Structures are given as C-alpha cells and as structure tokens.
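Rule-based calculations on the coordinates, nothing more; no lab input. Computed from a predicted model, the values in this text were never measured in an experiment. Because the Cβ atoms are built from the backbone with ideal geometry, glycine has one as well, and the counts that use them run over all protein chains shown.
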Amino acid sequence: MSLLDYFKITKASSASVAKERLQILVAHERSFKNQPSYLPQLQKELLDVIKKYVNVEQNAITVRLEQDEHQETLEVNIVLPEKSR
Amino acid sequence: MTRIIVVTSGKGGVGKTTTSAAIAMGVAQKGHKTAVIDFDVGLRNLDLIMGCERRVVYDIVNVIYGEATLNQALIRDKHCEQLYILPASQTRDKDALSQEGVGQILEELAAKDFEYVVCDSPAGIEKGAHLAMYFADDAFVVTNPEVASVRDSDRMLGILSSKSRRAEQGLEPIKEYLLLTRYSPERVRIGEMLSVADVQDILSLHLLGVIPESKSVLTASNSGMPVILDEKSDAGQAYADIVARYLGEDKPHRFIEEKKGLFGKFFGSK
C-alpha cells in the first residue's frame, strides 16, 4: 500500500468498463459471424407468412443457425401471442 | 519454402505499416531473404516509412498488368541487402489488384528463393485487405489497447478463419499472433487503458509482443528508417524481440511492466 493509493478513486476504472463492453459486444458479433447472408431475408419472409394467420409482433420470431463439427441446426423460434389460443 | 506473413488490423492508424517495415527489416537482418509488399493501392506509404520513396519506378499494379517485371519493380533496401520492397500503386484504382495477379507474384517470389514475404494490409475489409491476407501462412494482428481497435481485430480474425486460402482449401489454419502496440503501462496501472491480459482475454490470441507508446516511432518515420534500426529505442527493441520470438528464440516479454523511476521507487506504488 503506497501513499498514493489513499487518493485513488474507488469507482470502476474506465479500462474495466471498456473490457466489459467489449466482452459483451464481441460475444454478440461472434454469434453472427458464421451465419449465411440469407438469414435476415428468411426471417422477414417467415414473419410475413405467419402474420397471415396469427397476429404476431415484429420481434416475435428469431432465426438462428448453429454449427458444430457434425451438424448444422436451423432454429426458428416463434412466440405466439396469449390471446390467439 | 516461403512463409507469407500478413500484417493486419481492420482499423486504420494502429501501426500496420510501422510494424510491417520493422518486422521485414528485422527478419532480413537475421539473414533471411525477405520481401515486403504494400497492398494499399491509392494510398501507398510503406515506401515513405522504408525511406525509398524516391526510388519507386514501377509498382505492384505494373507487375500484375505486365507493364514491368517483378525484378524491375522490387527495390533493394539501402540498409539491408536481404530486403526488398514492392510498392503499391499511387495512381491506380484500388480494384486494380487481382487474386490471380497477387498469387503469381507470390509464386515468383518463392521461385526467387525469398524466405519471407510480409504483406502490409490496408485498413478496412475491402479488396486490398482481402488480398493481403488471402495467401497468408501467419497473421500479425496489430491492435491498440482501445475498444474500436480490439473490436475490429476480432472482426479481422473472423475473416482470416473463413475467407483465406487456407480456410477455403481446408488446410491448416493461418497462425494468428497478437501485437499490442502503443501500450502504456502507466495508464494501465491507473485503470485508464486495457491491459495485455484484458485484450488477450477478449481476443484469445497468442501474444507475440507488446510495443510501448514511444516517441521513437515518429522520429523513425520522419527520417524514413524502420524503427527497429533505432536499437537504443524501446520500440526498436520491442520489435527486435518480436522478430526473435517469431523466428523461434525464447525471449521473455518486456515493456508490459512500468519502468520504475525515482518517483515510483520513492512512493513504492504496489
């Protein structure tokens, strides 16, 4: 403990804020890194079809492509509104 | 066997050309026949940093279009006879480079017994940057301890692992190394700057070396001497360490910790 430590401000340093922001951002961007470019269009067209039958919200659908060594999985997740049942 | 190194970053202004010049000079000084190629067509600057701007007659685009031979375009460095510079074109469109053309030049360099080819990538992720990294065996990812640079480096890593020749042909992936430049241990200590460990945590890259923020980099570029030739400077020594490590020597990392001055010793911070 040095003399100078007594004057240090205790709030989070800007470097630790930077690290946290980067970790979140990089993890998010990596999840999109390998997705094919047609996914956004696929998502839009699926939404249009579903909207013909069910009144779903714009963000009620997520489309994700996951890859591991053995297989690729296209995951489509649609959240239906409560009252449609 | 020719080893092709790309010096890349995504973001501009982080030290790619400074690094390309220093690394190429360092490897050549160790006795390896080396070429350093500027891929920044339209904004060439490697010639200035290498101090050969007045000796440029032909450039990479002239070679690709058959307007000059590779021998005519290669400039022999005045400090090291094992080192040759292939400048970018200053006047042509940046789309003047082609994958076949670059591939042919690299093959011809291999036939001329070049051991190392250093490709100085332009900033961004467009054609010049793509071609600079496409044929690479090793990638030196130059990063500043700063959010925009780290993010762009991560993006570049994604491109290296998916769009390169090695990725497309299913070969062993490009070896990726981190070069952290403009590092200031003082600012890291007081929490103003991301540390080496922080950047490694995020990018998960093998650290080849840290270049401290140094006045000698500007002095070197002012006079057109790669900073590695300034053996007394901290940045010059840091690049020399990096070259030695890359060539397989065991060199402990320096410039990560603060140099303790009289003031630091007196107050004994830590």
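When the charge dipole of chain B is built from unit charges on Cβ atoms (+1 for Lys and Arg, -1 for Asp and Glu) and taken about the Cα centre, the candidate among B:Q90, B:N71, B:L109 whose Cα reaches farthest toward its positive end is B:Q90.
Over the Cα atoms of chain B, the radius of gyration divided by the Kirkwood radius equals 0.98; this is the Rg/Rh ratio.
Sum -39500 (n - 2.57) across every DSSP H segment of at least 4 residues in chain B, then divide by the residue count to get the 222 nm mean residue ellipticity, nearest 500. Walk me through the intermediate numbers first.
Details: 13 runs with 111 residues, N = 270.
After summing the helix terms and dividing by residue count, I get -11500 deg cm²/dmol.
For B:D241, neighbours were defined as the other residues whose beta-carbon sits under 15 Å from its Cβ, and their charges (Lys and Arg +1, Asp and Glu -1) total -1.
The angle between the Cα long axis of helix B:234-246 and the longest principal axis of the Cα atoms of chain B comes to about 60 degrees, rounded to the nearest 10.
Please grab the % of Cα pairs in the stretch B:156-245 that end up more than 16 Å from each other. Value for the stretch B:156-245 (Cα pairs over 16 Å): 64 percent.
If R₀ is 22 angstrom, what is the calculated FRET efficiency for the pair B:K163 and A:E29, using the beta carbon separation as r and rounding to 0.05? Could you put the intermediate results ahead of the total?
On the way: r = 16 Å, r/R0 = 0.72.
The calculated FRET efficiency here is 0.85.
Between B:I4, B:V36, B:V14, whose Cα lies farthest towards the positive end of the dipole of the stretch B:1-46 when Lys and Arg beta carbons carry +1 and Asp and Glu beta carbons carry -1, centred on the Cα centre? With unit charges placed on the Cβ atoms, the residue in question is B:I4. How far is helix B:99-111 tilted, in degrees, relative to the longest principal axis of the Cα atoms in chain B, given as a value from 0 to 90 rounded to the nearest 10? Around 80 degrees separate the two axes. Can you bin the stretch B:44-84 into rounded, prolate or oblate? Criterion: square roots of the alpha carbon gyration tensor eigenvalues sorted a ≥ b ≥ c, rounded for a/c under 1.5, prolate for a/b above b/c, oblate for the rest. Oblate shape, in that a/c is at least 1.5 and b/c is the bigger or equal ratio. Divide the volume of the convex hull around the Cα atoms of the stretch B:113-270 by the residue count and you get 151 Å³ per residue. For the stretch B:7-136, evaluate the Debye formula with one uniform point scatterer on each Cα (no solvent term) and list log10 I(q)/I(0) at q = 0.13 Å⁻¹, rounded to two decimals. Each listed q corresponds, in turn, to -0.45. Its alpha carbons give the protein assembly as shown an Rg and a Dmax of 24.0, 80 Å.
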